[in-house]
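Reading through the structure tokens given below for one structure.
None of the figures in this text is laboratory data; all of them are computed from the coordinates on show. Since the model is a prediction, treat every value here as computed from it, not as a measurement. Heads up, the Cβs are rebuilt from the backbone with ideal geometry, glycines too, and the neighbour counts pull from every protein chain shown.
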Amino acid sequence: EDQVTQSPEALRLQEGESSSLNCSYTVSGLRGLFWYRQDPGKGPEFLFTLYSAGEEKEKERLKATLTKKESFLHITAPKPEDSATYLCAVQAYTNDYKLSFGAGTTVTVRA
Amino acid sequence: DVKVTQSSRYLVKRTGEKVFLECVQDMDHENMFWYRQDPGLGLRLIYFSYDVKMKEKGDIPEGYSVSREKKERFSLILESASTNQTSMYLCATQQSGREKLFFGSGTQLSVL
């Protein structure tokens, strides 16, 4: 069974204080790893898809990286508007539809 | 962009009631999903549908059923609501052959 573990559960940062979120996974043949952002009271919003070890994707202050066992979401010089819950999910080659999600990391950035 | 609309933002029901959660999408996506989200557990897949009248069980289908009579509409049914079904319910769509999911805003269901 596919498993996704995110750490830490919660992260409190000062504005401008860079940090990283971790997503460890076990999957039988990774088709893709996904990062989503979820604001309170809203559904998750897609950020990135990573397909192979060594791949990196960037969007504004966010950078996602992938190894064979884990993915990191780096937040560089965060601003209060980066406060959200960040979700990681994996999809296996054996399943065309299903994404398995981690429990998320809630990031709070203080001004 | 894709719009996924869930009929209710908040819903309060009594134990034993039959509950319908509706989801409508406007982008002609083939695949539709129902997830529930609980603190510390993440999103768990209840059911998904890859075509009209087609459905597949997810990880936690017990106590739920679904209906997809039209391509744009996917309904989740709680036949007899129980307190352990209190949760945030999220509908999502996906274009066939693509992995990216588009989510609705969710329905926070409380069963008393």
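List the pairs from A:LYS69/A:LYS98; B:LYS71/B:LYS100; A:LYS68/B:LYS55; A:LYS79/B:LYS13; A:LYS63/B:LYS70; A:LYS68/B:LYS71 whose alpha-carbon separation is above 28 Å, in the order I gave them.
Result: A:LYS68/B:LYS55; A:LYS79/B:LYS13; A:LYS63/B:LYS70; A:LYS68/B:LYS71 exceed 28 Å.
Tally Lys/Arg at +1 and Asp/Glu at -1 over every other residue whose Cβ is under 12 Å from the Cβ of B:GLY58; what's the total?
In short, +2.
For a test of the definition: using alpha carbon positions, the gyration tensor, and the 1.5 limit on a/c, classify segment A:36-111 as rounded, prolate or oblate.
oblate
Report the relative contact order of segment A:3-110, percent, no decimals, based on alpha-carbon pairs under 8 angstrom and at least 6 residues apart.
38
What net charge do the residues around B:GLN25 carry, taking every other residue with its C-beta under 10 Å from that of B:GLN25, with Lys and Arg at +1 and Asp and Glu at -1?
Local charge sum for B:GLN25: 0.
Tell me, what ³J(HN,Hα) does each residue in segment B:57-69 have, in order and in whole Hz, if you take phi through Karplus 6.51 cos²θ - 1.76 cosθ + 1.60 with θ = phi - 60° and put x for Gly and Pro?
So the J values, rounded to whole Hz, are 6, x, 7, 9, x, 4, x, 10, 9, 9, 9, 9, 8.
Quick check for you: which residues of segment B:26-41 have the amide N under 15 Å from the point 7 Å beyond the Cα of B:MET54 toward its beta carbon?
B:29-33
Residues of segment B:41-55 with amide nitrogen under 20 Å from the 7 Å Cα-to-Cβ point of B:GLN95?
B:49-52
Can you give the mean number of other chain Cβ atoms that lie within 10 Å of the Cβ atoms in peptide A:14-22?
For this peptide, the per-residue mean of nearby foreign Cβ atoms is 0.
Taking the Cα of B:GLU17, stepping 7 Å toward and past its beta carbon, and measuring to each backbone N in segment B:47-76: which are under 18 Å?
Output list for this probe position: B:64-65, B:76.
Let me have the relative contact order for chain B, percent, based on Cα pairs under 8 Å that are six or more residues apart. Kindly include the intermediate steps, with their values, before the conclusion.
Values: 296 pairs, mean separation 40.8, N = 112.
Relative CO of chain B lands at 36 percent.
Tally Lys/Arg at +1 and Asp/Glu at -1 over every other residue whose Cβ is under 14 Å from the Cβ of A:GLU17; what's the total?
+2
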